[in-house]
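One structure is given here, and the rest of the page talks about it.
The values are calculated or read from the model by the stated rules, or taken from the named source; none is laboratory data. Since we're looking at a predicted model, the values are computed, not measured. Cβ coordinates were reconstructed from backbone atoms using ideal geometry, including for glycine residues, and neighbour counts include every protein chain displayed.
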Amino acid sequence: MTRRYWTAAACALTLLTAGACNRDARDTGAGTGTGTATTTPANTVSAGEIRLGNAIGADKRVTNESDDFRPTETIYASVATTGIAPNANLVARWTYQDGQVVSTDSITIAPNSAEYTEFHISNPGGFPAGDYKLEVFMNGQSVGTKDFDVE
Amino acid sequence: MGLLDKLFGGKEKPRADFSKVQSGASSTAPAPAAPTASKRTYTVVSGDSLSKIAKREYGDAQKWTIIYEANRDKISNPDLIHPGQVLTIPSA
């Protein structure tokens with residue numbers, strides 16, 4: 001404890017003397033003695049790419065990307081997220097061309113790093129042909145849309 | 001419905017039926033940790049009863065059953081608690 005204190009103090013003194021006080025190091029209080037600040041990831045998570053396809057792997061990533069589907073296919077959407085949060089709510093809203101909501105699904109996750117979340121829909125009787133849209137929300141905010149067709 | 005349909009009595013196209021759609025979601029990310037219920041303990045003193053403790057803890061003597069259920073391993077007869085017994089007081 002004492003050694004860390006003196007190491008941090010020496011680092012601060014060195015930085016001040018050099019006129020190059022590192023704001024990040026001061027903010028995080030994480031002086032390492034090398035002048036390199038380490039930042040702890042905040043409780044933030046952001047959504048990345050949304051991919052559609054008719055199959056996914058165990059890693060929840062789409063393995064066969066497509067935006068044209070047959071009526072009886074299961075349609076998968078894989079949403080990439082990055083960041084760390086104790087909880088983040090993802091919602092997928094699937095809509096038909098006339099605005100009808102086909103399905104709305106929600107999942108709450110506690111992402112630790114780069115993660116993938118999949119949503120899927122299927123219709124035993126077959127989806128009607130037409131244009132569809134998927135909109136993904138994270139914590140209530142829209143984070144992306146994907147259009148696709150059923151033929 | 002189009003103008004011609006209206007003029008010639010055409011039928012409106014039925015809405016697509018999505019009532020049998022099956023859906024789901026899963027993630028590589030773990031689910032959030034379930035919140036742990038807050039619990040306190042109370043040490044029984046002479047003259048206490050479950051309803052008295054419930055009145056003091058919850059403001060409602062009728063809630064004695066909450067304490068009883070949380071302490072079934074310690075209380076065989078709800079009318080008989082002993083000084084020194086440490087009871088779990090769940091959040092109401």
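Miscellaneous remarks
- Qualifying positions in the range A:109-151 - part of a loop (DSSP other than H, G, I, E, B) and of a type in the set (A, V, I, L, M): A:A110, A:A114, A:A129
- Some residue of the range A:130-141 being farther than 26 Å from B:S19 by Cα and of a type in the set (G, A, S): no
So that you can scan it fast, the table gives a plain yes or no per residue for (1) touching a residue at least 12 places away in the same chain (Cβ under 8 Å); (2) in contact with a Lys or Arg (Cβ under 8 Å, 6 or more places away or on another chain):
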position	(1), (2)
A:E73	yes, no
A:R93	yes, no
A:V101	no, yes
A:S106	yes, no
A:P111	yes, no
A:T117	yes, yes
A:H120	yes, no
A:A129	yes, no
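- In the set (1) under 12 Å from the mean Cα position of the chain (by Cα); (2) modelled with pLDDT of 95 or more, A:A88 fails one condition alone, (2).
- Looking across the range B:46-66, the residues that are free of Cβ contacts under 8 Å to residues at least 24 places away in the same chain and among the aliphatic types (A, V, I, L, M) come down to B:A54, B:A61.
- Scanning the range A:51-79 for residues that are assigned to a strand (DSSP E or B) and under 17 Å from B:S23 (Cα atoms) yields a total of 11.
- Test: A:D59 is more than 12 Å from the chain's Cα centre (by Cα), surrounded by fewer than 15 Cβ atoms within 10 Å (Cβ to Cβ) and either farther than 27 Å from B:P32 by Cα or more than 9 Å from chain B (Cβ to nearest Cβ) (or both): no
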